[in-house]
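The values are calculated or read from the model by the stated rules, or taken from the named source; none is laboratory data. Owing to the predicted nature of the structure, the values given are computational and were not obtained by experimental measurement. Please note: Cβ atoms are built from the backbone with ideal geometry, for glycine as well, and neighbour counts cover all protein chains shown. Only protein heavy atoms, including side chains, enter the accessible area calculation; ligands, DNA and RNA are left aside. Shrake-Rupley method; radii C 1.70, N 1.55, O 1.52, S 1.80 Å.
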Amino acid sequence: MCSQQSAEPKLLDRMRDALRTRHYSARTEKAYLLWARRFIVFHHVRHPDEMGEDEVNAFLTHLAVDLGVSASTQTQALSALLFLYRHVIGHDLGSLGDLVRARKSERLPVVMTRGEVRAVLGMMTGECRLAAAVMYGCGLRLSECLRLRVQDIDFGANEILVRNGKGAKDRVTMLPDTLKGPLREQLRRAHAVHQSDLEAGWGRVMLPGALDRKYTSAAAQWRWQWVFPQERRWKDMRTGGQGRHHMHPTVLQRAVKQAVLRAGVQKNVGCHTFRHSFATHLLESGYDIRTIQELLGHKDVRTTMIYTHVLNRGGCGVRSPLDEF
């Protein structure tokens, strides 16, 4: 038992290295490592190399039957274990036999009306209001909005470049005219913060991949700074170095929840609701489903098609005969 327990951290370290080598996102890395750890603990700390299809099947069935997880959660756990066996253990899993699959839910996304969006935004102020407006006006996810850097906003081309979105893909979306002025003012404030940090001897941000090693001065350059910087600098307790990260997601999430309550909107609205509303309102306005797919960064148009069901009109814009009275 002791040798198995001591082998577990080494295995997870190897899995972490394999994920980073293949440029998986930090969130995916965290989730995959968690599922690998839960799989090992479920089987009484047996090493995965001693297990195979039967044990994976038992664990995934346990998730669906005993814990009642969603289909997407079970699929994520399966993907994590497939990665573990394929890229760390060194062999592919065969047939999983009579795997009990979690039932896939068919829930429609929560969407606000245009009036509700205006009401919620009207109850927000400062950087949080601007960030929420960017999520709605550009169709961005929460993480995509907060990870925007200065160079990602192209005022001349009326575009915003979304870097390393879901699936590690870049895409381009529109820059609404109404956001140009507020964003320019936000960049002026962020630039003042950056200059103050530089004068204090700091002013560096984290760069993607190995860019900080390849371009040693890039982390202090203005174009790489966050559009929505944190209010306070973080401090590395080991080195004493200081830097500034982007606004923490919980800051914006709390601001949205409070604004929804004050606006009296009786829907389960969160940050992602702005993205759903963006897509639905574009569809209402008659824009092509393929165009909306590109703006959202969906890999499959079937994912985008869900918004036709939200409209309850179908792809052909069918109206109820009652509305003809």
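Here are a few things to note about the model shown:
- Considering residues of the stretch 28-41 that are β-branched (Val, Ile, Thr) and surrounded by 15 or more Cβ atoms within 10 Å (Cβ to Cβ) only, the residue farthest from PHE59 (Cα to Cα): THR28
- Scanning the stretch 282-310 for residues being of a type in the set (D, E, K, R) and more than 22 Å from the chain's Cα centre (by Cα) gives a total of 2.
- Extreme residue, farthest from the chain's Cα centre (by Cα), among residues of the stretch 160-173 that are surrounded by 15 or more Cβ atoms within 10 Å (Cβ to Cβ) and in contact (Cβ under 8 Å) with a residue 40 or more places away in the chain: THR173
- Pairing residues of the stretch 176-204 that are under 20 Å from LEU130 (Cβ atoms) and modelled with pLDDT of 95 or more with residues that are assigned to a helix (DSSP H, G or I) and acidic (Asp, Glu), at Cβ distances under 9 Å and at least 6 apart in sequence or on separate chains, gives GLN186/GLU127; ARG189/GLU127.
- Candidate set: the stretch 110-142, residues that are among the β-branched types (Val, Ile, Thr) and in a loop (DSSP other than H, G, I, E, B); chosen: the one surrounded by the fewest Cβ atoms within 10 Å (Cβ to Cβ): THR125
- Checked against the criterion of being surrounded by 20 or more Cβ atoms within 10 Å (Cβ to Cβ), within 21 Å of the chain's Cα centre (by Cα) and among the hydrophobic types (A, V, I, L, M, F, W, C), the candidates ALA259, ALA279 yield just one match: ALA279.
- Being surrounded by 14 or more Cβ atoms within 10 Å (Cβ to Cβ) and in a loop (DSSP other than H, G, I, E, B) is a property that ARG46 has.
- Of all residue pairs spaced 6 or more apart or on separate chains, none has beta-carbon atoms under 9 Å together with a first member in the stretch 32-49 that is under 12 Å from LEU78 (Cα atoms) and a second member that is basic (Lys, Arg) and at pLDDT 95 or above.
- Looking only at residues of the stretch 8-27 that are open to solvent by 40 Å² or more (accessible area, probe 1.4 Å), closer than 16 Å to VAL88 by Cβ and assigned to a helix (DSSP H, G or I), we find that the one that is modelled with the lowest pLDDT is PRO9.
- Just one of the listed residues (LEU78, LEU96) is under 30 Å from THR61 (Cα atoms), in contact (Cβ under 8 Å) with a residue 24 or more places away in the chain and not β-branched (Val, Ile, Thr), and it is LEU96.
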